[in-house]
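The values are calculated or read from the model by the stated rules, or taken from the named source; none is laboratory data. No experiment lies behind these values; they were computed from the predicted model shown. Methodologically, a virtual Cβ is constructed for each residue, glycine included, from the backbone with ideal geometry; neighbour enumeration extends over all protein chains shown. The protein model used for the area step is the full one, side chains on, heavy atoms only, and it has no ligands, DNA or RNA in it. Shrake-Rupley method; radii C 1.70, N 1.55, O 1.52, S 1.80 Å.
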Amino acid sequence: MIKITSHISLQPFNSFGVDVSARYFATAESLEEIQEILEWNKTHQQRLLVLGGGSNILFTHDYDGLVLQNTLKGISIIKEDDNYIYIKAMAGENWHSFVQYCVKNQYQGIENLSLIPGNVGASPMQNIGAYGVEIKDVFESLDALHLPNGEMISFTHAQCKFGYRESIFKQSLRNQFLIVSVTYKLRKQPKFTVSYGNIEQALEEMGVRELSIEAIANAVIQIRQSKLPDPAKIGNAGSFFKNPVIHQTFYEALQKLYPEIPGFPGSDKFMTKVPAAWLIEQTGWKGYRKGDAGCYPFQPLVLVNYGKATGTDIYALSSEIIESVQEKFGILLEREVNIY
Ligand code: FAD
Ligand code: NAP
């Protein structure tokens, strides 16, 4: 039996810890409950927001509509062959618990994505990525409910149009679908990615002689715990901005002015990815704090809520950062976090 409550605080449901309210709120534990909620909404005609773990959202005002928290659970093996195992996870499964399940069972491919907060259902939304691995590398398919008519549709890899922290669900199909489950294709014969960031160094410090799925997962967990704020202690939604990808000729021009500007290969040989954290640090924002909204001192790509910041405070800070990076470097930073 579904329960739809009204005027409830969304503070416990977003990792920024911003205190806004939702006009209506419902939790769905099954497909039937989702259908019931959609049926209810046919008469109430509320705009709808699908919520996972709330770790990639900034609410800038009360949500005048229905927030549907999706807690569908279950993990099942669809098929396997000598090389691959196809695993379907329901959208409400916690992402890190799912990664740990795969690590434990020696299913290889997502260990670099350890400790990313949030749920399975949101993983294709922005093609989550870390340490050289993105969900698109292991994605097989997903099932999603078309919200306007309740029809279940399967999406292939190509149909999701994955990009750098992007998918069709963040673009032309934004707010159109509720992702119900995701199927991943994981390897039985490992092909590790360790050349990224400081994983190799962490493995060395941990005394790891032979690479394994567990060792990489542990290295990633250790690096992340040392660098990123824990949302349970300091409100945040991870990287607030995307790393800009700029044309190689523009990058070379910037290099003449700023010889130390870091750059990594972009989408193709003509493009270069510049770490936004470096740009933000160079414009003097690292460690900045205004009221309770701040730019995290150990990773300036992360904006934080030290307590009572509002979504508008954090959004205003992000606008100031965008403006000064644009002024100094001529690069327009794009917000990665979903703004509501
Ligand atoms: P939510 O915040 O609940 O939702 C995000 C968006 O997806 C919203 O627009 C929502 O409407 C939509 N959505 C959610 N679930 C569904 C669904 N089932 N169907 C349809 N739409 C849905 N991200 C990375 O990519 N890499 C990282 O390394 C990373 N590190 C992070 C570290 C920290 C400390 C934090 C706080 C965040 C980090 N993130 C990272 C961002 C975030 O954790 C991920 O983007 C995560 O996938 C969001 O999941 P969620 O369930 O919390 O989504
Ligand atoms: P980092 O390792 O200090 O690296 C800084 C930036 O340089 C990263 O953003 C990364 O881009 C890029 N980079 C580093 N080594 C690279 C290489 N070998 N090839 C290409 N690009 C390289 O970054 P960090 O902040 O500690 O984060 C580590 C990883 O976790 C990154 O992949 C980051 O994206 C991910 N992360 C994401 C979020 C989020 O909310 N989205 C939050 C925390 C961490 P990429 O970002 O493209 O990888």
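Translational diffusion coefficient of the chain (Stokes-Einstein, Kirkwood radius from Cα pairs, 10 °C, 1.306 mPa s): 75 µm²/s.
In percent, rounded to a whole number, the relative contact order of the chain is 16, using alpha-carbon pairs under 8 Å and six or more apart. Dividing the radius of gyration of the alpha carbons in region 135-180 by their Kirkwood radius gives 0.95 for Rg/Rh. With all protein chains in place and a 1.4 Å probe, the accessible surface of the chain carries 49 percent carbon and sulfur.
Excluding same-chain neighbours fewer than eight residues apart, the aspartates and glutamates reachable from residue 308 by a Cα-Cα span under 12 Å are 19, 292. Each 10 Å bin from 0 upward holds the following percent of the Cα-Cα pairs of region 1-126: 12, 38, 30, 15, 5, 0. The Rg/Rh ratio for region 191-267 is 1.08, where Rg is the radius of gyration of the alpha carbons and Rh is the Kirkwood radius. Computed over region 87-137, the convex hull of the alpha-carbon atoms projects to a mean area of 3.2 nm².
Per residue, the average separation of C-alpha pairs within less than 8 Å and at least 6 apart gives region 233-340 a relative contact order of 31 percent.
Taking 71, 43, 156 in turn, the Gaussian network model of the chain (Cα-Cα springs below 10 Å) assigns the largest fluctuation to 43.
Springs join every pair of Cα atoms under 10 Å in this Gaussian network model of the chain, and among 111, 281, 205 the largest mean-square fluctuation is at 205. Cα-based radius of gyration for region 151-282, normalised by 2.2 N^0.38 Å, reads 1.34.
Farthest toward the positive end of the dipole of region 151-190, out of 182, 164, 152, is the Cα of 164, where the dipole comes from beta carbon charges about the Cα centre.
When the chain is described by a simple charge dipole with +1 on each Lys and Arg Cβ and -1 on each Asp and Glu Cβ, the residue from 40, 108, 128 located farthest towards its positive end is 128. Phi-derived couplings, Karplus 6.51 cos²θ - 1.76 cosθ + 1.60 at θ = phi - 60°, listed residue by residue for region 215-232: 4, 5, 4, 5, 5, 4, 4, 5, 4, 5, 5, 7, 10, 9, x, 7, x, 5 Hz, with x used for Gly and Pro. I need the shape label for region 212-340. Rule: rounded when a/c is under 1.5, else prolate if a/b > b/c, else oblate, with a, b, c from the alpha carbon gyration tensor. Oblate shape, in that a/c is at least 1.5 and b/c is the bigger or equal ratio.
Take the convex hull of the alpha carbons in region 41-85; its mean projected area over all directions comes to 5.7 nm². Calculated accessible area for the chain comes out at 48 Å² per residue, all protein chains present (probe 1.4 Å; ligands, DNA, RNA ignored). Normalised by the number of residues in region 1-141, the average gap of Cα pairs under 8 Å and 6 or more apart makes the relative contact order 18 percent. Spatial offset of region 41-85 relative to region 270-340 amounts to 27 Å, using the alpha carbon center of each. Considering only DSSP beta bridges where both residues belong to the chain, give the percentage that are antiparallel (nearest 5). Bridges in the chain are about 80 percent antiparallel. Strictly greater than 23 Å: what percent of every Cα pair in region 93-192 meets that? Every Cα pair in region 93-192 considered, those over 23 Å come to 23 percent. For the listed peptides 300-307, 140-147, a ranking on the average number of other beta carbons within 10 Å per residue, highest first, reads 300-307, 140-147. Put a plus charge on the Cβ of each Lys and Arg, a minus charge on the Cβ of each Asp and Glu, and nothing anywhere else: the dipole of the chain about its Cα centre is then about 240 debye. Just to verify a number: FRET efficiency for residue 298 and residue 60, C-beta to C-beta distance, R0 = 22 Å, to 0.05? With R0 = 22 Å, the Cβ-Cβ based efficiency is 0.30.
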